[in-house]
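Each remark here refers to the structure printed beneath this line.
The values are calculated or read from the model by the stated rules, or taken from the named source; none is laboratory data. Every value quoted in this text rests on a predicted model; they were computed, and no experiment measured them. Please note: Cβ atoms are built from the backbone with ideal geometry, for glycine as well, and neighbour counts cover all protein chains shown.
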């Protein structure tokens with residue numbers, strides 16, 4: 001019975017073709033191998049004229065668009081890690097550029113300020129050379145309260161810098177005022193336009209002497225009045241007025257430009273002449289000033305000497 005069963009199973013497999021599918025015949029394998037070798041030989045020897053070239057071209061035309069579309073669909077997915085890396089790099093670069101731009105904007109904004117300060121230093125050196133006086137440079141750090149009805153400023157130099165009361169204060173334009181009082185690190189300067197300020201002046205063209213008085217903090221605060229000692233003399237418009245100087249150079253040294261004659265008024269009743277003086281100094285924009293001191297004064301900062309050098 002066992003032999004009969006095995007015989008029937010072989011017949012069933014043979015009739016159903018299972019053995020032929022499971023194990024291809026040796027002749028078929030040999031034929032496929034020979035065909036592959038023949039095609040490879042023909043293709044290699046033919047080069048661009050290979051008989052397989054038309055078939056290859058057709059295959060490329062059929063499957064080329066499919067491969068391109070598949071690559072385009074897969075490419076974004078494959079590029080995601082690189083995109084995140086690139087995005088982080090771009091963000092870091094953007095942050096660096098924003099910081100650099102902010103720094104450049106700050107430099108541009110400060111360029112005018114720094115240029116003005118450099119010009120003031122150059123002007124102060126020129127003033128020391130022209131006036132023939134040594135100067136201690138200082139900066140205006142505060143302005144007197146308007147409620148006090150006085151025109152004063154505070155500078156960042158005091159006794160440690162070699163200052164004391166009754167010293168002349170100038171800038172590169174002309175006379176600023178005089179030192180009123182000092183502390184160790186600061187000094188209060190009474191501006192020449194203050195109503196309590198009186199300065200001896202001399203008209204440049206005629207050398208006539210007179211007295212300059214400030215108009216104070218009310219009204220025409222930026223102007224001064226000049227009354228000449230010789231009432232018969234009339235100063236000419238646009239004449240330059242300079243200080244005639246005090247005894248011992250305190251509180252004012254001589255020869256410092258004060259301003260220019262803007263207008264002249266006559267009083268027939270009192271037979272006097274009064275000239276209106278427009279100061280050279282812009283008191284609303286005071287920054288760097290120089291305090292006149294004897295050459296060689298001991299100071300905690302460099303002196304601008306009469307030859308324009310720093311000592």
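Here are some notes:
- Complete set of residues in region 133-164 that are at pLDDT below 90 and either part of a helix (DSSP H, G or I) or loosely packed, with under 14 Cβ neighbours inside 10 Å (or both): 145, 146, 147, 148, 149
- Of all residues making up region 218-235, the number that are closer than 22 Å to residue 153 by Cα and either without any contact (Cβ under 8 Å) to a residue 12 or more places away in the chain or surrounded by fewer than 19 Cβ atoms within 10 Å (Cβ to Cβ) (or both): 7
- For region 105-113, the count of residues that are modelled with pLDDT under 80, surrounded by 11 or more Cβ atoms within 10 Å (Cβ to Cβ) and assigned to a helix (DSSP H, G or I) is nonzero.
- In region 236-311, counting only strands (runs of 3 or more DSSP E) that sit wholly within it, the ones holding 1 or more residues that are at pLDDT below 90 and buried (at least 17 other Cβ atoms within 10 Å of the Cβ) span 272-279.
- Search result, residues across region 181-204 that are surrounded by fewer than 18 Cβ atoms within 10 Å (Cβ to Cβ), in contact with a strand residue (DSSP E or B) (Cβ under 8 Å, 6 or more places away or on another chain) and in a loop (DSSP other than H, G, I, E, B): 195, 196, 204
- Single condition residue 122 does not satisfy, out of (1) surrounded by 13 or more Cβ atoms within 10 Å (Cβ to Cβ); (2) modelled with pLDDT of 70 or more: (1)
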